[in-house]
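Values quoted throughout were computed directly from the atomic coordinates according to the rules given, and no laboratory measurement underlies them. As the structure is a computational prediction, the values presented were derived from the model and not from experiment. Don't worry about glycine lacking a Cβ; one is built from the backbone with ideal geometry, like all the others, and counts go over all protein chains shown.
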Amino acid sequence: MSNEQRITPRAEDFSAWYNDVIMRAELADYSPVRGCMVIRPRGFRIWELMQGALDAKFKETGHENAYFPLFIPESFLAREAEHVEGFAPQTAVVTRGGGKELEERLVVRPTSETIIYAMLAKWVQSYRDLPVLLNQWANIVRWEMRTRLFLRTTEFLWQEGHTAHATQEEAEQETLLILGLYRQFMEEWMALPVITGVKTESEKFAGAVRTYACEGLMQDNKALQAGTSHFLGQNFAKAFNAQYQTASGGLEYVWSTSWGVSTRLVGGLVMTHGDDVGLVCPPKLAPEQVVIVPIWKSGDEKDAVLRVARQVTAELQAAELRTTLDGRDSVKPGAKYYEWESRGVPVRLEIGPRDAEKQQAVLARRTGGKAPVPLAGITDVTSRALIEIQAGLLEAARVYREQNSVRGVTKDQLIELMDGPGGFAYGGFCGDVACEEAIKQRTKATIRALPDPEFQSDPAPTTCVWCGDKSVTEAVWARAY
Ligand SMILES: [Zn+2]
């Protein structure tokens, strides 16, 4: 794609903007296989950085990585009734292998609960074998009719955690531990503020007792479910006969959880921070944190600025700042600035002949602002700038979310909001699925979560937004990806 090609402004067409940003930053591309995308190196690097941070958190909390097969016997899926009902319409099924019709058809995993429980039934015999704390980094397939890069593709990458515990309390604690860990990652690494809460029956994971979620608000005022953590109770344990001998000699089914985040987070990052110039990458997840652009006219100048630029590059790299030197002869400085800005690099250091002479560089932030900084101590100054940019992005996203959240909405306000600007609408809910469905029909908004206490309104709503009956819980509505 040429540099001159324009990025559609967000206000003109958010969806076109999103695609333009991804293509320009070379994060991903459409593949010859319908519904599947190719993640390009720059996009995959962001995912790798996400993986690194999450994987460390999983391991710190006692989880181990394992790997289970891509194929699942079709009969496994059918053992948990809600699970098969939820996933069967989305599965891809292998019927032939090695040129022959298969005896049992194989489902390409849409998620791995069933095959993992079949194994746990074998591995867990006694309370001494518990808890089992597993995570798998894998690809999965869910047949999608309408797809969007990163947000909804037929095949995508994710991690799925699966744990088994001796008691209900332990499993519930695990579900909430992971929800908190996801939230921390989203806020600290992605600079994506999320609200957490529990899903309604109609929005929960197929086969779960309860689903908790992290929900972010994107710049088009649609919600993005960024991660989910499920308390599965004993549903899968019963379906796969995963029993253990208790300390007192009895037999009990294990209590379990599952939880996941996917490459959809890359799409969430784009939609939270990007602007009309292109990608804005939070420093902690930026493939390049710093780009150094030397500026010269004559050959003598070139030697002098390149010498300084190489020194600075080496110094920043030694401090483990992901730094790249753009010394290309064929591209003008202005074009380089634009290119790196559209790729979301948080900090640019410009070094011209006068800067080299004065032992300084000009530090430009992707989020705005530009000032000369001395080369002595450049590592500290740059590190500080990256920390400030990271914190500034989170704060800006939080302010945006709050400005686009309305509390205590009435029925008319909810309709008006969802037909108009969108955003998070907080209101009372009677708990009746009929109201939930009617709201969805009329406004295309769903209940994103019954918010956790920290996000609840004070005073609490007293009546249901839709029917006016007594409210049993507050709910947050939004149109969603
Ligand atoms: Zn109601």
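A few points about this structure:
- Residues with amide H under 5 Å from that of residue 135, placed H, sequence gap 5 or more: 64, 65, 66, 162
- Pairs exceeding 31 Å between alpha-carbon atoms, taken from 222/370; 59/122; 57/199: 222/370.
- For the range 14-273: span of alpha carbons on each principal axis (Å, largest first): 62, 49, 32
- Estimated D of the range 198-252 in µm² per second, where Rh is the Kirkwood radius over Cα pairs and Stokes-Einstein applies at 37 °C, 0.692 mPa s: 242
- Placed amide H near residue 61: partners under 5 Å, 5+ positions off or other chain: none
- Gyration tensor over alpha-carbon atoms, the chain, equivalent ellipsoid semi-axes in Å: 44, 28, 22
- For residue 457 and residue 387, the FRET efficiency from 1/(1 + (r/R0)^6), where r spans their Cβ atoms and R0 equals 25 Å, is about 0.15.
- Reach of residue 444 by Cα under 18 Å, taken over aspartates and glutamates that are not fewer than 8 positions away in the same chain: 201, 203, 215, 220, 412, 416, 419, 432, 436
- Charge sum, other residues only, whose C-beta stays under 13 Å from residue 153's C-beta, Lys/Arg counted +1 and Asp/Glu -1: +3
- Near residue 150, no amide H atom lies under 5 Å from its own; only residues 5 or more places off or on other chains count, and H is placed 1.01 Å from N.
- Rg over Rh, two decimals, the range 300-384 (C-alpha only, Kirkwood Rh): 0.92
- For the range 1-59, the ratio of Cα radius of gyration to the globular rule of thumb 2.2 N^0.38 Å stands at 1.40.
- Check: the chain dipole with +1 on Lys, Arg Cβ and -1 on Asp, Glu Cβ, in debye: 1040
- Projected area averaged over orientations for the range 324-429, convex hull of C-alpha atoms, nm²: 9.9
- Under the Debye formula (equal points on every Cα, no solvent term), log10 I(q)/I(0) of the range 405-478 at q = 0.13, 0.28 Å⁻¹: -0.29, -1.48
- Listed values for the range 94-108 are Karplus-derived 3J(HN,Hα) couplings in whole Hz (6.51 cos²θ - 1.76 cosθ + 1.60, θ = phi - 60°), namely 8, 10, 10, x, x, x, 10, 5, 6, 5, 10, 5, 10, 8, 6, and x replaces Gly and Pro.
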